[in-house]
Amino acid sequence: MNKEECKHRRSILSNNASVDLIVIGSWPVQYLNGDVDYKYKQDPNFYYYTGIKEQDMVLIIERTIGNKYNSYIFARGKDPKQELWTGKRHGLDELMVDYGFDQAYPLKDVDAYLSSRNYPDILALAHVPDKLCSILPICNNINADMTSLQNIMEIQRVVKSPSEITILKKACAISAQIHNEIGEYISRINVENEREIDGTIMGLMIRNGCQRLAYPNVVAAGKNGTTLHYSDNDGEVGNNDLILIDAGGELDYYASDITRTIHNSGNFTPEQKNIYDLVLKTQTECINMVKPGITIPDIHMKSVNIITLGLIELGLLEGNVEDNIHNESYKKFYMHSIGHWMGIDVHDCQTVDKATTVLEPGHVFTVEPGIYIPSDDAIPKEYRGIAVRIEDDILVTKDGYNNMTVLAHK
């Protein structure tokens, strides 16, 4: 992460927030069991404004005379004995030089520093884990406002910079290539269990340059695909099953998010092919809509219309399109949105309202229509348990869009 870009981001945040003091804490360590930690991952806001991946830190941005600002970092500092066990830490002087802070202080001093400030304006507070220090009571006494600051930060974060787009494109390219390899892998062998695919994806992601998965893989065979966030990945795979694979790698803290639906033997039944073709048609037409000036709900309603009409034509819904949309009958088969913002978090910037935000260059979001047919008696037997989702990662450009994951099989 470029030092000057992070300094510029802090300056913009200080101006946008219009408060005297902003506090952002690093993400706390999470424990797998006993004294064994999960692999550490930084809080997305803290990383966005600092570029630092290390734990146990607090960033303070303080307004100064003339609406300028200073940024201070509070950190553990060097500790050779502890570093022998857990790895190298940043020294305080190193943090100032390498990351562009005006001053660096020991973490233990953050309480005293905040207690010494007496501002009439609201102290805007982002996530500060109470395991690090006892500043939460102090902040609460000054009327800390976590929600508004989160929204201010995410409005800034939702438009990606050129450097962010470069990383996102690389993460998407790696993940798309791996989906290609998984498709070829499935075509060569008779997969018997979902975990074969799950483990192969994890290995390929790391081997090809991603530091971790952007989210737990979904490898769902047959009717398991009708569970949207299926995570067991340990079910048997039948020769005639569709396999819904939702998997993306993370590179330098930026996520990708791809879903493909592959047939285990390659021999689609007519009903599976009908649903697959309907989802692919929907996704293609929705992606082609993307350009500055429209909203994600505009695209979503396009998907609802195409899917609803298609389900009526296949005999899975009755009546006309308008009534089925008004009554939300289609939600029995298509119950989620067309997509979500994507960036440092795979479901990025969730406080930025998709309904009112007009797309502009630099926005990145997913387009992921799906149809999930329950196994109930009201459904023709041949369609029961069919699940298809197709998902790509789309960058809005000044002229339209860039599908960053188009290389993956469809």
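The table below lists the values:
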| quantity | calculated |
| --- | --- |
| Qualifying positions in the stretch 354-381 - in a strand (DSSP E or B) and over 23 Å from Ser161 (Cβ atoms) | Gly370, Ile371, Tyr372 |
| When residues of the stretch 59-72 are limited to those that are in contact with a strand residue (DSSP E or B) (Cβ under 8 Å, 6 or more places away or on another chain) and at pLDDT below 90, the one nearest to Met153 (Cα to Cα) | Arg63 |
| Residue match in the stretch 204-214 (condition: free of Cβ contacts under 8 Å to residues at least 40 places away in the same chain, open to solvent by less than 30 Å² (accessible area, probe 1.4 Å) and under 18 Å from Thr261 (Cβ atoms)) | no |
| Looking only at the stretch 45-72, and only at residues there that are aromatic (Phe, Trp, Tyr) and over 26 Å from the mean Cα position of the chain (by Cα), the one that is least open to solvent (accessible area, probe 1.4 Å) | Tyr72 |
| Filter result for the condition that a residue is of a type in the set (D, E, K, R) and within 30 Å of Val358 (Cα to Cα), over Asp241, Asp277, Asp232 | Asp277 |
| Residue that is most open to solvent (accessible area, probe 1.4 Å) [pool: residues in the stretch 1-21 that are at pLDDT below 90 and hydrophobic (A, V, I, L, M, F, W, C)] | Met1 |
| Condition met for Gln42 (modelled with pLDDT under 95, closer than 26 Å to Arg212 by Cβ and open to solvent by 60 Å² or more (accessible area, probe 1.4 Å)) | no |
| Selection within the stretch 242-271 - part of a loop (DSSP other than H, G, I, E, B), farther than 29 Å from His363 by Cα and open to solvent by less than 40 Å² (accessible area, probe 1.4 Å) | Asn264 |
| Subset of the stretch 379-410 (residues that are of a type in the set (Val, Ile, Thr) and over 22 Å from the mean Cα position of the chain (by Cα)) | Ile379, Ile386 |
| Test set (1) without any contact (Cβ under 8 Å) to a residue 40 or more places away in the chain; (2) surrounded by 23 or more Cβ atoms within 10 Å (Cβ to Cβ); (3) among the hydroxyl-bearing types (Ser, Thr, Tyr) - Ser231 fails condition number | (2) |
| Residue selected from the stretch 173-202 under the condition surrounded by fewer than 22 Cβ atoms within 10 Å (Cβ to Cβ) and of a type in the set (D, E, K, R), by the criterion farthest from Gly222 (Cα to Cα) | Glu181 |
| Count of the stretch 272-320 residues which are open to solvent by less than 20 Å² (accessible area, probe 1.4 Å), hydrophobic (A, V, I, L, M, F, W, C) and under 22 Å from Val158 (Cβ atoms) | 5 |
| Count of the stretch 73-111 residues which are out of contact with any Cys (no Cβ under 8 Å at 6 or more places or on another chain), open to solvent by less than 70 Å² (accessible area, probe 1.4 Å) and among the aliphatic types (A, V, I, L, M) | 6 |
| Any chance Tyr276 is in a helix (DSSP H, G or I) and at pLDDT 95 or above | yes |
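The values are calculated or read from the model by the stated rules, or taken from the named source; none is laboratory data. Given the structure is predicted, the values throughout are model-derived calculations rather than measurements. Backbone-built Cβ (ideal geometry, glycine too); neighbour counts: all protein chains shown. These accessible areas exclude ligands, DNA and RNA; they are computed on the full protein's heavy atoms, side chains included. Shrake-Rupley method; radii C 1.70, N 1.55, O 1.52, S 1.80 Å.
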